[in-house]
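Trainee: Pasting a structure here, questions to come.
The values are calculated or read from the model by the stated rules, or taken from the named source; none is laboratory data. Keep in mind that what you see is a predicted model, and the values were worked out from it rather than measured. Please note: Cβ atoms are built from the backbone with ideal geometry, for glycine as well, and neighbour counts cover all protein chains shown. Just the protein is used for accessible areas: all its heavy atoms, side chains included, with ligands, DNA and RNA removed. Shrake-Rupley method; radii C 1.70, N 1.55, O 1.52, S 1.80 Å.
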Amino acid sequence: MTSSGVESPPRPQGRLTDHIGLGVLSARFDRDLIEEVLNRTGRRERRSRRLPAHVMIRYVIAMGLFFAESYDEVMRRLVGNLRKLGSWVDDWQVPTKSAITQARQRLGPHPVKALFERACVPLATSATKGAWLARRRVMAIDATSFDVADTPDNAERFGRTGSGPKASAYPKLHVAALAECGSHAIVGAVLGSVRTGERTLAADLAAWVGPEMLVLADAGLYSYELFGRFAATGADLAWRIGASVSVGLVRWLPDGSYLALIYRSGLGAERRARLVAQAHAGQDIQADLARLVRVVEYTVPDRNPDGELIVVITTVLDPHELPALELAEAYHQRWEAESALDELKTDLRGRGEVLRSKTPDLVEQQMWGLLLAHYAIRGLLLDAADPAGYDPDRMSFIKGLRVVRRQVTDQAAITP
């Protein structure tokens, strides 16, 4: 009781930092899940610390939400509500930037990565508009890069684009991502150097792909080997190919598409012709030499007055199961993956901003935090869209971000 007879709010039990949360985001990454990840990655503390590991995981996600703020300001936003609630411990002060950095270094990137891999699963339900095609969940892969702080360690790990006087001003972190088109949720990611090609980086995304998915990709990602790797997961594919990729016509189909062979690189014209003849006769084809696919060719006059031919190959061979027109329309959902990455780069990070962590491990940790923050917001938007019957594509990401930022600031600590 206070001197005025009004009962004081109860003080939290245990360390004050045990009660720091992320308000509306806590439902996505609850304490039990975080503790499980810490146990699995061996990052649980052996002694009591002012900034324990579970707090720092939430802090790294908050860095993604408040990208432009200083390290200590992000912490202030998380704990500021405690003082209003009368729950502030007098001898607890917001940690210094140095203390926060040391706590981030102790945590490292692995628990944050493990939390992403554990928590960030496809979000779309059967009611989600635009998420499905022919009973398959529509997914897409894409890649991009992020500027990181110009330090010798970052430059060594991540590299720069260009060379000599034409080298990029900042080292660049390369990110390949798998996105769910219906929700824009990024559910798979691989981080690497810009010296690593997109195809090499994207190969590891196959670990997040499986049956009952339709995976879309642009021509820049196509190779015979990578296409085969993704097809081996049991997912169906619809990938664009460029004019330099040879296909061997086997036979036309009623919807205007056709069955064809794609080839391993290096096969001569005579060998390809023999393989086409075998396929036409219904004989099995050696998978290490060629693969039977269905080809859909079309143009989009409104977007491309010059009439550029778009060629998409798919593992769905039956035109009755997925007609050519539906597949052509679906392929353009590949842009949803690009839109998801743009939300990361423009809305969360801020246009032209740099991941300011000074070491490679902390750069990767910060990137995983950004991905977790993006996923949580996309989950919140889907939760709002589905019951109302809206297409999540019509939900503004930036408005959702603003709502979450307000909620984190107002409700991040313990509730009254």
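Trainee: Suppose the Debye formula is applied to equal point scatterers at every Cα of the stretch 335-386; what is log10 I(q)/I(0) at q = 0.14, 0.16, 0.26 Å⁻¹?
Mentor: Here log10 of I(q) over I(0) equals -0.42, -0.53, -1.06.
Trainee: Run lengths n ≥ 4 of DSSP H only: what is the helix-derived mean residue ellipticity at 222 nm for the chain, with -39500 (n - 2.57) per run over all residues, to the nearest 500?
Mentor: Values: 13 runs with 152 residues, N = 416.
Theoretical 222 nm ellipticity from helices: -11500 deg cm²/dmol.
Trainee: So for each of 325-333, 185-193 I average, over its residues, the number of other beta carbons within 10 Å; can you give me the resulting order with the highest mean first? All intermediate terms of the calculation are to be shown ahead of the outcome.
Mentor: Working: 325-333: 17.9, 185-193: 22.6.
Sorting 325-333, 185-193 by mean packing, highest first, produces 185-193, 325-333.
Trainee: Here is a follow-up. Which one, Gly159, Gly220, Gly282, has the greatest fluctuation when you compute a Gaussian network model over the chain with C-alpha springs under 10 angstrom?
Mentor: Gly282
Trainee: Additional query: May I have the count of lysine pairs in the chain with C-alpha atoms under 27 Å apart, counting pairs 8 or more residues apart or located on different chains?
Mentor: Step by step, the pairs that qualify in the chain add up to 18.
Trainee: For the stretch 334-405, with all protein chains present and a 1.4 Å probe, just round the carbon and sulfur fraction of the accessible area to a whole percent. Display every interim value, and only then the final one.
Mentor: Details: 1320 of 2740 Å².
C and S fraction of accessible area: 48 percent.
Trainee: Rounded, prolate or oblate for the stretch 359-406? Axes are the square roots of the Cα gyration tensor eigenvalues, ordered a ≥ b ≥ c, and the cut-off for rounded is a/c under 1.5. Working shown, then result.
Mentor: Values: a/c = 3.58, a/b = 2.62, b/c = 1.37.
Prolate, since a/c reaches 1.5 and a/b exceeds b/c.
Trainee: Heavy atoms of the protein only, probe of 1.4 Å, neighbouring chains included. What is the accessible area of Arg264 in Å², nearest 10?
Mentor: In the full protein context, Arg264 sits at about 80 Å².
Trainee: While we're on this one: Would you tell me the accessible area of Lys345, worked out with a 1.4 angstrom probe on the heavy atoms of the protein chains, in Å² to the nearest 10?
Mentor: Estimated to the nearest 10 Å², Lys345 gives 40 Å².
Trainee: If N is the number of residues in the stretch 134-287, what value comes out of its Cα radius of gyration divided by 2.2 N^0.38 Å?
Mentor: 1.28
Trainee: Next question, about the same structure. Could you work out the percent of alpha carbon pairs in the stretch 87-171 separated by over 22 Å, rounded to a whole number? Show your work: numbers first, answer last.
Mentor: Details: 2219 of 3570 pairs.
Roughly 62 percent, rounded to a whole number.
Trainee: Still on this structure: Students sometimes get this wrong: rank Thr299, Thr314 by accessible area, probe 1.4 Å, all chains present, largest first. Mind showing how you got there, number by number?
Mentor: Details: Thr299 65, Thr314 0 Å².
So the residues, ranked largest to smallest area, are Thr299, Thr314.
Trainee: How big is the antiparallel share of DSSP beta bridges in the stretch 188-288, given as a percent to the nearest 5? The partial results should precede the final answer.
Mentor: Numbers: 5 of 9 bridges.
Antiparallel bridges make up about 55 percent of those DSSP assigns within the stretch 188-288.
Trainee: Another one. Based on a Kirkwood Rh over C-alpha pairs, give the Stokes-Einstein translational diffusion coefficient of the stretch 276-392 at 37 °C and viscosity 0.692 mPa s in µm²/s. Intermediate values should be presented prior to the final figure.
Mentor: Details: Rh = 18.9 Å.
Estimated via Stokes-Einstein, D reaches 174 µm²/s.
Trainee: Could you please put Ser257, Ser244, Ser163 in sequence from largest to smallest accessible area, using a 1.4 Å probe? Walk me through the numbers before you get to the answer.
Mentor: Working: Ser257 0, Ser244 110, Ser163 85 Å².
Result of the area sort, largest leading: Ser244, Ser163, Ser257.
Trainee: Compute the projected area of the convex hull of the Cα atoms of the stretch 216-335, averaged over all viewing directions, and report it in nm² to one decimal place. Don't jump to the answer; show the numbers that get you there.
Mentor: Working: hull surface 31.0 nm².
Taking the Cα atoms of the stretch 216-335, their convex hull projects to 7.8 nm² on average.
Trainee: Can you give me the pair-distance distribution of the stretch 114-220, C-alpha pairs, 5 Å bins, whole percents?
Mentor: Values per bin, smallest distances first: 2, 12, 20, 19, 16, 12, 8, 6, 4, 1, 0.
Trainee: If we restrict to alpha carbons, what Rg and Dmax does the stretch 142-197 come to, in Å?
Mentor: Spelled out, the Cα radius of gyration and Dmax of the stretch 142-197 are 13.1, 42 Å.
Trainee: Another question, then. Treating only the Cβ of Lys, Arg, Asp and Glu as charged (+1, +1, -1, -1), what charge dipole size does the stretch 218-287 show about its Cα centre? Round to the nearest 20 debye. Mind dumping the intermediate values first?
Mentor: Numbers: 7 positive and 6 negative charges, 44 e Å.
Charge dipole, the stretch 218-287, about its Cα centre: 220 debye, nearest 20.
Trainee: Same structure, new question: How many percent of all Cα-Cα pairs in the chain sit more than 35 Å apart?
Mentor: Details: 32357 of 86320 pairs.
Summing the P(r) tail past 35 Å for the chain gives 37 percent.
Trainee: A further question follows. Write down Rg/Rh for the stretch 192-244, rounded to two decimals, with Rg from the C-alpha atoms and Rh from the Kirkwood relation over Cα pairs.
Mentor: Values: Rg = 11.1 Å, Rh = 11.5 Å.
Radius of gyration over Kirkwood radius for the stretch 192-244 works out to 0.97.
Trainee: Next up: Rounded to the nearest whole Å², what accessible area per residue is found for the stretch 270-416 with the 1.4 Å probe? Before the final figure, lay out the partial values.
Mentor: Working: 7150 Å² over 147 residues.
Computed with neighbouring chains in place, this is 49 Å² per residue.
Trainee: Note down the accessible area of Val293, probe 1.4 Å, to the nearest 10 Å².
Mentor: Val293 exposes around 0 Å² with every protein chain in place.
Trainee: With 5 Å bins from zero, work out the P(r) of the stretch 294-348 over every alpha carbon pair and list the percent per bin.
Mentor: Pair shares across the bins are 4, 16, 21, 18, 15, 14, 8, 3, 1.
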